[in-house]
Amino acid sequence: MKLYNTASKKLETFKPISDGIVKVYTCGPTVYSSPHIGNFASYIYWDLLVRTLIANGYKVNRVMNMTDVGHLVSDGDDGEDKLEKGARKENKTVWEVADYYINEFMDSFHALNLLEPEKICRATDYVEEVKAAVDAMTANGFTYETSDGIYFDVAKFPDYAKFAGLDLDKLKAGARVEFSDEKHGAADFAVWKFIKPGEKHAMRWDYLGRPGYPGWHIECSTIIDAELGEPIDIHTGGIDHIPVHHTNEIAQTYAISGKPLANYWLHCNFINIDGERIAKSTGNIYTLADLAERGFAPLDYKLWVLQGHYQGDRNFTFGGLDAAKNRRLNWRNRIALELQKPQKTNREFFKKVLEALDNNLNSAEAFAIIDNTAEISLDDWRDIDSLFGLGLIDSVQDISKEDKALISEREKARAAKDWAKSDDIRHELEIKGITIKDTPDGSIWQYLK
Ligand SMILES: [Zn+2]
């Protein structure tokens, strides 16, 4: 199995640390608003990663975090607390806001038929571990204190710029105007923030004798250390995580334990909508509920995402989604056809599909193989379903005895040249969403589009 590793910028043959078991960490959602469809693309790609590892015989142990500490608006250390803002707007406590969006996220996760990670960790459940991690970084000489928090001293980690290929001098020059504070370097970041007297933060924990809360990046290093143990095999995220969030995770883990964080780093690209970045200002933020309103199921969207590559520059359009929906319906009908035929399994076919995925998760090629293979048995469709989680087999049910009786009644009417009756029965079945195709071997049923 080959994967593109951001750390080496190369396609590498995957080798797990322990035979047969793969430790995976996925940076999870921040839970203060409804995710848009672009957010879900990354979870769809990593679902494919996990399913491909399983198809290759590995046991996967995956952990994902949920950022239920809002506190900062961006990768930086300043700004308004997003959870507090959401709570004010919705007249709820910050904890209620987090609970609400966690439930909503998991509902969507299941609607997309995504395999649940072995463990999902809420950041607020790991605050004691975060404090211990900050203690360790301080004991190892990687932090300093300012009036507003504990900061990571980037200069103490010589490899800081390596992972993302950063130019720290340039970063310093660009940031000079904004930074006249107590930070030693422009790239230094908070691992713990103090709450100043008068600041109304609902989420607060005592540490070093005063109230505060964890920095933006520390939960991932802490959760990985607590739940998986570094180094892990594969760490996943979006390309926007590379220069700050993942760079900081690597630095923190080194400062805590002296160990590397992960052997393979996978990053997915953004999804644009109608050629534009997803943004409030563009007005192109769609949720799964918005797609449902337009008649598209979550699994139509999942199939659309899997038609492209995780590293590719994707452009979402409703025309494209409609084509994906049609492809899913065609596949359903191919399964319906197989239900009505004697079966022969073709393992060579499935081997080719898996080979495509083993080549850096090339699902587009795997789909082309499916489209270009004339006959795929039910067993093979079952394996395709396990690989992509598209719920195809479950969406196809054999028709009822009554409907089957109607089909044979229609065949008899046709043999007797009773076209009126034959048409009546066809119409009756179409109302139930079933269409009849007459072939030289007799009538077959399919789902009406
Ligand atoms: Zn993370």
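Structure values in brief
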item: Residue match in the stretch 270-291 (condition: within 30 Å of GLU230 (Cβ to Cβ) and not hydroxyl-bearing (Ser, Thr, Tyr)); result: yes
item: Cβ pairs under 7 Å, 6+ apart, first in the stretch 335-354 and in the same structural domain as ARG382 (by TED's automatic domain parsing) and modelled with pLDDT of 90 or more, second among the small types (Gly, Ala, Ser) and surrounded by 15 or more Cβ atoms within 10 Å (Cβ to Cβ); result: GLU338/SER377; VAL353/ALA366; LEU354/ALA55
item: Set GLY283, GLY319, GLY312, GLY295: member being at pLDDT 95 or above and either over 28 Å from GLN446 (Cβ atoms) or surrounded by 14 or more Cβ atoms within 10 Å (Cβ to Cβ) (or both); result: GLY312
item: Total residues in the stretch 365-377, condition outside any helix (DSSP H, G or I) and surrounded by 14 or more Cβ atoms within 10 Å (Cβ to Cβ); result: 3
item: Identity of the residue in the stretch 208-239, of a type in the set (Gly, Ala, Ser), within 13 Å of the ligand (Cβ to nearest atom) and more than 15 Å from ALA164 (Cα to Cα), that ends up surrounded by the fewest Cβ atoms within 10 Å (Cβ to Cβ); result: GLY215
item: Qualifying residue in the stretch 79-96 (condition: modelled with pLDDT of 95 or more, more than 16 Å from the ligand (Cβ to nearest atom) and touching an Asp or Glu at 6+ places or on another chain (Cβ under 8 Å)); result: no
item: Failed condition for LEU112, given (1) farther than 21 Å from ASN39 by Cβ; (2) at pLDDT 95 or above; (3) not charged (D, E, K, R); result: (1)
item: Residue within the stretch 189-205 that is part of a loop (DSSP other than H, G, I, E, B), within 26 Å of SER18 (Cβ to Cβ) and without any contact (Cβ under 8 Å) to a residue 60 or more places away in the chain present; result: no
item: Filter result for the condition that a residue is polar (S, T, N, Q), under 16 Å from the mean Cα position of the chain (by Cα) and over 20 Å from ILE223 (Cβ atoms), over THR52, THR30; result: THR52
item: Condition check for VAL60: assigned by TED's automatic domain parsing to the domain that holds GLU116 and closer than 30 Å to ILE273 by Cβ; result: no
item: Scope the stretch 393-408; condition within 20 Å of LYS432 (Cβ to Cβ) and either in a helix (DSSP H, G or I) or of a type in the set (A, V, I, L, M, F, W, C) (or both); matching residues; result: ASP394, SER395, VAL396, ILE399, LYS401, GLU402, ASP403, LYS404, ALA405, LEU406, ILE407, SER408
item: Top-ranked residue of the stretch 13-32 - restricted to ones that are surrounded by fewer than 19 Cβ atoms within 10 Å (Cβ to Cβ) and among the hydroxyl-bearing types (Ser, Thr, Tyr), ranked as nearest to the ligand (Cβ to nearest atom); result: SER18
item: Residues within the stretch 240-276 that are more than 16 Å from the ligand (Cβ to nearest atom), within 20 Å of the chain's Cα centre (by Cα) and not in a strand (DSSP E or B), tallied; result: 2
item: Residue among ASP380, ASP385 that is part of a helix (DSSP H, G or I), surrounded by 16 or more Cβ atoms within 10 Å (Cβ to Cβ) and touching a Ser or Thr at 6+ places or on another chain (Cβ under 7 Å); result: ASP380
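One line per residue, one yes/no per condition, for (1) free of Cβ contacts under 8 Å to residues at least 12 places away in the same chain; (2) of a type in the set (Ser, Thr, Tyr); (3) surrounded by 17 or more Cβ atoms within 10 Å (Cβ to Cβ); (4) closer than 30 Å to ASP385 by Cα:
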| residue | (1), (2), (3), (4) |
| --- | --- |
| ASP107 | yes, no, no, yes |
| TYR126 | no, yes, yes, no |
| VAL130 | no, no, yes, no |
| VAL134 | no, no, yes, no |
| GLY149 | no, no, yes, no |
| PHE157 | no, no, yes, no |
| ASP167 | yes, no, no, no |
| GLU182 | no, no, no, no |
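The values are calculated or read from the model by the stated rules, or taken from the named source; none is laboratory data. All values derive from a computational prediction rather than experimental measurement. A quick note on method: Cβ atoms are made from the backbone with ideal geometry, for glycine too, and the neighbour counts reach across all protein chains shown.
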